[in-house]
Amino acid sequence: SLSSDTDFSGIKERTLVAVKPDGVQRRLIGEVIKRFEQRGFRLVGLKMLQASDKLLAQHYVSLQRKPFYSSLLYYMTSGPIVAMVWEGHNVVRSSRMLVGDTDPAEAAPGTIRGDFSVHISRNVIHASDSVEGAEREISLWFHRSELIDWEGCDHKNIYHII
Ligand code: IDP
């Protein structure tokens, strides 16, 4: 319909994506960036960091009671992480599709986890699972000043703008 063609309210949606320590060690940073870029999403923040226990405790607050929680924190602090913020129409949901199921055994071929991982505790990448979750996670991992607002010259080809 005309209204769905012209509704761009979701264009500014943002999500947090992170190449986890195993993904960095396995030289998958470029592969991950390539997949999000070629889809048409816009990179608005990027940094490499050694995540602290404090940051990860906030990031994974909902998993604190899980039996795998301490090994998850050990894994996530085992080396550098590359954190990114991607922007675009429905980027939260589309990122989860690009990333694939949490358990690589269930992740479809063609997804990042389905193509590059075999075990749930070394699944290469993180992507926020809801718009509210994304807002919360972005504010944990990035300062406002680290996020860059820009419009690509291909914007009119990626979106239906007359
Ligand atoms: P998500 O990363 O797909 O959003 P969550 O359920 O939020 O999945 O779990 C966060 C991370 O915790 C997973 O990506 C994975 O690395 C780890 N994890 C989740 N479930 C298990 C498990 O059963 N065993 C070991 N690690 C797990």
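What's the total number of residues in region 89-144 that are more than 18 Å from residue 75 (Cβ to Cβ) and part of a strand (DSSP E or B)?
Final tally of qualifying residues: 2.
What number of residues in region 49-69 are in a loop (DSSP other than H, G, I, E, B) and away from the ligand (no atom under 12 Å from the Cβ)?
Number satisfying all stated conditions: 4.
Do you know which residues across region 90-111 are within 11 Å of the ligand (Cβ to nearest atom), closer than 24 Å to residue 132 by Cβ and open to solvent by 70 Å² or more (accessible area, probe 1.4 Å)?
96, 101
Taking region 75-89 as the search range and keeping residues that are out of contact with any Ser or Thr (no Cβ under 8 Å at 6 or more places or on another chain) and more than 16 Å from residue 17 (Cα to Cα), which one is most open to solvent (accessible area, probe 1.4 Å)?
It comes out as 78.
Residues to consider are 46, 72; find the one that is more than 16 Å from the ligand (Cβ to nearest atom) and surrounded by 14 or more Cβ atoms within 10 Å (Cβ to Cβ). Working first, answer last.
Details: 72 fails: more than 16 Å from the ligand (Cβ to nearest atom).
Exactly one residue qualifies, and that residue is 46.
Within region 27-60, track down each residue that is of a type outside the set (A, V, I, L, M) and over 23 Å from residue 91 (Cα atoms).
27, 50, 52, 53, 54
Restricting the first residue to region 119-141 and requiring it to be among the polar types (S, T, N, Q), which pairs with a second residue that is in a loop (DSSP other than H, G, I, E, B) and at pLDDT below 95 meet a Cβ separation below 6 Å and a spacing of at least six or different chains?
none
The values are calculated or read from the model by the stated rules, or taken from the named source; none is laboratory data. Predicted, not measured: the structure shown is a model, and the values here were computed from it. Neighbour counts are summed over all protein chains in view; Cβ atoms, including those assigned to glycine, are modelled from backbone coordinates with ideal geometry. The area values use the complete protein model at the heavy-atom level, side chains included, leaving out ligands, DNA and RNA. Shrake-Rupley method; radii C 1.70, N 1.55, O 1.52, S 1.80 Å.
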